[in-house]
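Working notes, beginning with the structure itself.
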Amino acid sequence: MARKQASQGTPATAALAAAGVPFVAHPYSHDPAAASYGLEAAEMLGIDPARVFKTLMVDVDGRLAVGVVPVSGNLDLKAMAAALGGKKAAMADPATAERRTGYVLGGISPLGQRQPSPTVLDESALALETILVSGGRRGLDLELSPAELVRLTGARTARIGTSRS
């Protein structure tokens with residue numbers, strides 16, 4: 001895989017470059033009217049939504065955590081809490097998520113966060129050679145091995161995603 005181009009630099013790409021992790025940057029033209037950032041990325045890039053993962057900030061028993069699930073589904077909050085040994089999970093306040101990560105909504109990457117949080121990657125990622133996650137800004141996804149994402153974020157894996165009905 002190729003490395004990023006300098007014009008696409010974000011804390012996420014810097015973290016990958018510093019760790020020597022191979023990745024492919026996939027920039028695309030973001031539409032501010034898009035209803036779903038992740039589904040927009042999959043459509044614009046022509047990639048199966050099961051390979052494009054969204055990064056969600058969650059409050060688990062009063063502690064912030066990161067859930068990474070395919071954009072083709074949703075985050076199961078009960079499963080997320082259980083994966084971290086908690087009892088209850090709720091979506092984090094958007095402003096809190098932005099402050100904690102240093103990224104804007106729709107551009108929150110699991111990599112290079114201002115203040116890293118415990119991370120759980122949906123186990124479906126492990127069956128894929130590569131997955132795409134936000135690159136730290138709207139209109140940029142990064143393709144990398146799920147094993148490298150787990151290694152760099154210290155993530156645990158669990159079934160935290162659900163299919164959209």
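The values are calculated or read from the model by the stated rules, or taken from the named source; none is laboratory data. As the structure is a prediction and not an experimental result, all values here were calculated from the model. Heads up, the Cβs are rebuilt from the backbone with ideal geometry, glycines too, and the neighbour counts pull from every protein chain shown. The protein model used for the area step is the full one, side chains on, heavy atoms only, and it has no ligands, DNA or RNA in it. Shrake-Rupley method; radii C 1.70, N 1.55, O 1.52, S 1.80 Å.
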Query raised in the report: So which of 126, 121 ends up being open to solvent by less than 10 Å² (accessible area, probe 1.4 Å) and modelled with pLDDT of 95 or more?
Result: 121
Report task. Take residue 67 and decide whether it is buried (at least 16 other Cβ atoms within 10 Å of the Cβ), out of contact with any Pro (no Cβ under 8 Å at 6 or more places or on another chain) and under 20 Å from residue 152 (Cβ atoms). Result -> yes
**Report entry** Condition check for residue 52: over 15 Å from residue 134 (Cβ atoms), in contact with a Gly (Cβ under 8 Å, 6 or more places away or on another chain) and surrounded by 19 or more Cβ atoms within 10 Å (Cβ to Cβ)
**Finding:** no
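To keep it simple, each residue is scored yes or no on (1) closer than 15 Å to residue 41 by Cβ; (2) over 11 Å from the mean Cα position of the chain (by Cα); (3) of a type in the set (Ser, Thr, Tyr).
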residue	(1), (2), (3)
63	no, yes, no
70	yes, no, no
100	no, yes, no
106	yes, no, no
144	yes, yes, no
147	no, yes, no
153	no, no, yes
Query raised in the report: Just checking, how many residues over region 4-59 are hydrophobic (A, V, I, L, M, F, W, C), without any contact (Cβ under 8 Å) to a residue 12 or more places away in the chain and more than 26 Å from residue 73 (Cα to Cα)?
Result: 2
Report summary line: Over region 52-81, the set of residues farther than 15 Å from residue 101 by Cβ and among the acidic types (Asp, Glu) is 61, 76
Query raised in the report: From the list 16, 45, 77, which one is out of contact with any strand residue (DSSP E or B) (no Cβ under 6 Å at 6 or more places or on another chain) and either surrounded by 15 or more Cβ atoms within 10 Å (Cβ to Cβ) or among the aromatic types (Phe, Trp, Tyr) (or both)?
Result: 16
Query raised in the report: If you check residue 85 against the conditions, is it surrounded by fewer than 13 Cβ atoms within 10 Å (Cβ to Cβ), within 15 Å of residue 159 (Cα to Cα) and of a type outside the set (A, V, I, L, M, F, W, C)?
Result: yes
Query raised in the report: For region 101-114, what are the residues that are in a loop (DSSP other than H, G, I, E, B) and at pLDDT 95 or above?
Result: 102, 103, 108, 109, 110, 111, 112, 113, 114
Query raised in the report: Is at least one residue of region 118-135 of a type outside the set (Ser, Thr, Tyr), over 21 Å from residue 157 (Cβ atoms) and assigned to a loop (DSSP other than H, G, I, E, B)?
Result: yes
